[in-house]
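Here the structure is laid out as structure tokens; the discussion comes afterwards.
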Amino acid sequence: MSIRPDPPARLDKALARDVPEEAALSRSRLTRLIAEGAVSRAGRVIDDPCARVAEGEVLEIAVPAPERVETAAEAIALDILHEDDDLIVVDKPAGLVVHPAPGTPHGTLVNALLHHCGDTLSGVGGARRPGIVHRLDKDTSGVIVAAKSDRAHHGLAEQFAAHSAQRRYLAVVQGCPDPADPRLRGLRGISFEAGGVLRIATGLARHRTDRQRQAVIFEGGRHAVTRARVVEPFGTPPAAALVECRLETGRTHQIRVHLAHAGHGLVGDPVYGGRRRLSARALGEAAAAAAAAFPRQALHAATLAFCHPVSGAQMAFEAPLPADMAALITALRGGGRESA
């Protein structure tokens with residue numbers, strides 16, 4: 001490719017401006033290619049994204065072929081909310097792992113997508129994660145999008161990286177976040193915004209001793225911001241609540257870790273402390289028992305909105321509450337302070 005007139009000062013910006021559109025290479029992808037030594041000028045590798053370029057210079061970009069997908073296609077039913085030539089949107093059930101991993105080599109969303117989409121699934125994610133742009137935990141239900149074309153994969157990945165894709169979750173939590181609670185107001189990283197919206201802003205990093213968990217930290221880690229709004233309290237006084245969560249960032253286990261940090265862990269969460277017994281006095285015995293028996297974190301990715309990476313159309317998708325969470329909420333609504 002040739003650099004056009006008046007190029008930006010930096011190599012990565014110049015490439016992002018001048019690379020042919022049909023190459024479907026996002027700026028983040030180009031930055032990685034530079035770091036990997038895939039960009040050269042007159043036979044010499046340029047691995048500095050800040051390197052200067054000049055009008056008319058010819059640069060070569062050696063884009064590696066996508067990894068060969070060896071994951072098996074499996075005939076697993078999918079609840080498809082939307083599909084076109086570039087992407088597919090699915091309502092993922094709880095219990096379905098998104099992509100193969102050492103402990104779950106089969107029976108994943110990727111296996112199902114390979115069977116449904118065949119050779120059209122984007123290979124950008126590599127052999128284990130073809131088409132996967134973002135993730136939901138195994139036991140979190142709801143809306144997830146996967147890319148069928150490489151161009152769509154890059155475009156969606158940039159939206160998630162820029163936090164412009166909008167995600168709304170519903171969760172059932174222990175207790176009820178209250179702006180008047182002095183305990184909450186005294187917690188580091190906690191604040192309240194207009195309308196009683198709870199804002200949690202911390203760093204997140206792997207737990208020091210349990211590598212399967214994430215932990216809140218305030219020095220280093222990955223910046224993470226969650227906003228939570230109470231939709232409906234349960235019990236007298238409230239012992240649980242349905243909350244709406246919106247992600248400003250998207251980190252591993254973010255909602256689960258943040259709400260646990262606030263002292264309002266998700267009902268049913270076996271990792272972040274959501275297994276404590278809720279007050280039967282406040283909720284009623286049946287409601288408290290339903291919460292205690294809930295088999296997973298009560299978290300559902302209710303809506304996902306983004307700009308179509310190829311057509312540019314604004315798109316929004318919603319997945320209804322799954323039967324288990326709907327039944328839990330019904331049970332909690334039926335509770336109340338029992339007579340002494």
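The values are calculated or read from the model by the stated rules, or taken from the named source; none is laboratory data. None of these values were measured; they are calculated from a predicted model. Ideal geometry is used to build each Cβ from the backbone, glycine not excepted, and the neighbour counts take in all protein chains shown.
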*asked:* Looking at 9, 101, 94, 54, can you tell me which residue is surrounded by 13 or more Cβ atoms within 10 Å (Cβ to Cβ) and of a type in the set (A, V, I, L, M)?
replied: 94
*May I ask you to list the residues in segment 192-224 that are under 15 Å from residue 262 (Cα atoms) and aliphatic (A, V, I, L, M)?*
197, 198, 200, 201, 204, 215, 216, 217, 224
*With respect to residue 94, is the statement that it is assigned to a loop (DSSP other than H, G, I, E, B), touching a strand residue (DSSP E or B) at 6+ places or on another chain (Cβ under 6 Å) and small (Gly, Ala, Ser) true?*
yes
*Using the structure shown, decide if residue 177 is part of a loop (DSSP other than H, G, I, E, B) and surrounded by 14 or more Cβ atoms within 10 Å (Cβ to Cβ).*
yes
_Residue count for segment 180-206, restricted to those that are free of Cβ contacts under 8 Å to residues at least 40 places away in the same chain, in a loop (DSSP other than H, G, I, E, B) and surrounded by 16 or more Cβ atoms within 10 Å (Cβ to Cβ)_ = 1
*of a type in the set (Asp, Glu) and either at pLDDT 95 or above or outside any strand (DSSP E or B) (or both), is that true of residue 74?*
yes
_Within segment 239-340, helices (runs of 4 or more DSSP H) holding 2 or more residues that are farther than 25 Å from residue 202 by Cα_ = 280-283, 285-293, 323-333
*Got a sec? Which of 253, 300, 261 is surrounded by 16 or more Cβ atoms within 10 Å (Cβ to Cβ) and at positive phi?*
253
